[in-house]
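Structure record follows, encoded as C-alpha cells.
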Amino acid sequence: MSAAAPPSRAVGSPQAGTDKRTAIRRAIGAGSIGNFVEQFDYGLYGYMAPIMAPAFFPESDRTVAVLGTYAIIAIACLFRPLGGTLVGRWGDRVGRKKTLLWTIVAMGVATALIGMLPTYQQIGIGAPILLLLLRVVQGAVSGGEYVGAVAFIVEWAEPNRRAYYTSYASNSCFVGTLAGAGTAALTSWVFQGDALDSYGWRLPFLLAIPLSLVGVWLRRHIEETPEFARATAEGEDVVASPVREALRSQWRPILVFCGISIMLAILSYTWVTFYPQYLTDTLGLPRWMGLASNAISIAVLIPFLPLAGMLSDRIGRKPMLITGAVACIVLVPLAFRVGEEGTFGAAVASQLIYLVPEFFLTGIVTVCAAELFSTRTRFSASAIAYNSSFSIFMGITPFVATLLVSTFDTIYAVWAYLAVGAVLALVVVSAFMTETYRSHLGADKFARQ
C-alpha cells in the first residue's frame, strides 16, 4: 500500500484543490504560449510580406516579388503533415513537456532569424532559399505544436472542464494573430520609407526571442501531464512505434476528426484570410476597413470561446458540432448578404453573424483533437488527423474561395463549398462519432464500434 498523503495535501482538501487549479493554470499558459508565438509570426509575416518582398526577390517586378513571398508560406505548409508526424512521435515517446519545450525554441529561433537574413542584393538567390528553409522549419514544427499543446492542456484538465480549458488554446491563436498584425501595423507607422524597407521590418521578428524565452520558462516550470505519466508508467512504458500504432488502432477516430474539422478549416480561413480581401477587391471597401472589420470580429469572438467551452462541458461535444454545422448552412449566406451592402457597418455586422458557427465549432473541434484519441498515441494520432484535414484545407481555402468567386461571379459559391463540408460533418458526427465529453482519456472511444 502507498503511504498516506500529508494532511495538507489530502485528496479533496482545500490545499489539494488549490494546487490542482494552480497546476492547470500553469498548463494552460505553458500550452498556449507556443500557439501565440506561432500565430504572432503568421500575422506578422502575412502583413509584412509586401514590405519585405524586395529584400528577398528582384525588385524588377514588384508583383512577382510579393507573390514569391506568399508562395513561401504555401510551400512551408506542405511540410506540416511530415513535421507533425515526427513531432507527434517524439511527443508520445519522450513526453509532452520535453517535446513542447523544444518546439517553442525551434519556432522562436526560426522567426528571429528571418529578421537577420541577408538580402537578395547581398547574396542573390540564396536569400529566398534561406527564407524558405526557415519557413519550412516553422511549418514542420507547427504541425505538431498546436495538437501537442491541446493534448497537454486536456491531459491536465479536470474531466468536466476540458473544453473550457482548451478554449484558451484556441484564443491564444486569435490573440497571436491580432498581436502580429497589430505589431506589423505599428511598425509600418513608426518607420517610414527607406527606414521601413531596409531595417524597420526586421525588428518585429526579433520579438520572437523574448516571447519564446517566456514560453521556455513556463514549460520548464510545469510537470509532465498526470495522464501521460499514468498511461506510460512515468514514461517507462511508451509505445515503441506510436505512428504505426496510431494508424493501426486509431484509424476510425482519425477519419472522424477529419470529417468534422474540414468544415471548421473552410469556415475559419474563409473568414480570416479570404473575406477581408473580398470586401476590398470585390465590394470596394478601403483596405483598412476590410482589415479593421475583421479585427473587430476576432476581438469579439475571443471572450465568447470560454463560454462555448463551458456550454459544451455541460451538454456535450456532439450537440455543439451539430448546431455549428447547421449554422454554417443557414447563417453564412445571411452573413454574405449583409456584407453586400458595401459599408463598414455592414462588413462588421456580416462578420458578427459569421461568429455564430465559429462559437459552436472552434473550441469544440479543438478539444476533440485530444479527446478522440487514447493517451499512449494521442500526440501522433491527433497530429496525423489534424494535418491530414485541417492543415490542408486551411492552406487551400483562400485559393479555392478566390477561384470560386472568379468562376461563378458570386460569393455564394464559397457558401456552397462550405456547405459540402458542413453536410459531411453532420453525417460523420451523427452516424460515426462517439460522445467524448467527460470520457476517460485513456479509453478507446471506438472499441465497441
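The values are calculated or read from the model by the stated rules, or taken from the named source; none is laboratory data. Fair warning: this is a prediction, and the values are worked out from it, not measured in the lab. With ideal geometry, Cβ positions are generated from the backbone for all residues, glycine too; neighbour counts draw on all protein chains shown. Heavy atoms of the whole protein, side chains included, go into the accessibility calculation; ligands, DNA and RNA do not. Shrake-Rupley method; radii C 1.70, N 1.55, O 1.52, S 1.80 Å.
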Query raised in the report: Along the charge dipole of the chain, which of Y275, A308, T397 sits closest to the positive end, that is, farthest toward it, with unit charges on the beta carbon of Lys, Arg, Asp and Glu (+1, +1, -1, -1)?
Result: A308
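Provide the net charge surrounding T232, with neighbours chosen by a C-beta distance below 10 Å and charges set as Lys +1, Arg +1, Asp -1, Glu -1. Walk me through the numbers on the way to the answer.
Details: positive: R93, R230, R376; negative: D92, E224, E227, E234, E236, D237.
Around T232, the surrounding residues sum to -3.
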Query raised in the report: Taking the simple approach of a point 7 Å from Cα along Cα-to-Cβ for both V423 and S439, what is their distance in nm?
Result: 2.7
Query raised in the report: How much net charge surrounds Y412 when only the other residues with a Cβ under 13 Å from the Cβ of Y412 are counted, with Lys and Arg +1 and Asp and Glu -1?
Result: -1
Report task. Rounding to the nearest 20 debye, state how big the charge dipole of the chain is about its Cα centre with +1 on each Lys and Arg Cβ and -1 on each Asp and Glu Cβ. Result -> 1220
Requested in this report: Calculate how large, on average over all directions, the projected area of the Cα convex hull of the chain is; give the answer in nm² to one decimal.
Outcome: 22.6
Report summary line: Mean accessible area per residue over the stretch 300-449 (1.4 angstrom probe, all protein chains present, square angstrom) is 38
Query raised in the report: For the chain, what relative contact order do you get, as a whole percent, if you take Cα pairs closer than 8 Å and at least 6 residues apart?
Result: 24
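How large a share of the accessible area of the stretch 242-448, in percent, is made up of carbon and sulfur atoms when the probe is 1.4 Å and the other protein chains stay in place?
Summing carbon and sulfur atoms, their accessible area is 69 percent of the total for the stretch 242-448.
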Requested in this report: Compute the long axis of helix 208-220 from its Cα atoms, compare it with the longest principal axis of the Cα atoms of the chain, and write down the angle in degrees, 0 to 90, nearest 10.
Outcome: 0
Requested in this report: Find which of A246, G215, V429 sits farthest along the positive direction of the dipole of the chain, computed with +1 on the beta-carbon of Lys and Arg, -1 on that of Asp and Glu, about the Cα centre.
Outcome: A246
Query - Inter-part distance where the stretch 36-73 and the stretch 358-430 are each reduced to a Cα centre, Å - result: 26
Report summary line: Put W251, W217, W271, W415 in order of accessible area, largest first, probe 1.4 Å, and you get W217, W251, W415, W271
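What GluC sites (Glu not before Pro) does the stretch 220-262 have in DSSP loop regions with at most 16 other beta carbons within 10 Å? Don't jump to the answer; show the numbers that get you there.
Values: sites: E223, E224, E227, E234, E236, E245; in loops: E223, E224, E234, E236.
Those satisfying the criteria are E223, E234, E236.
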Requested in this report: Within the stretch 156-190, find all residues whose amide N lies under 20 Å from a label point positioned 7 Å from the Cα of T22 along Cα-to-beta-carbon.
Outcome: 156-158
Requested in this report: Quick one: among L82, L130, L267, which has the greatest mean-square fluctuation in a GNM of the chain with alpha-carbon springs under 10 angstrom?
Outcome: L130
Report summary line: The alpha-carbon center of the stretch 288-313 and that of the stretch 97-136 are separated, in whole Å, by 31
Query raised in the report: Taking Cα pairs under 8 Å and at least six residues apart, what relative contact order does the stretch 75-155 come out at, in percent?
Result: 55
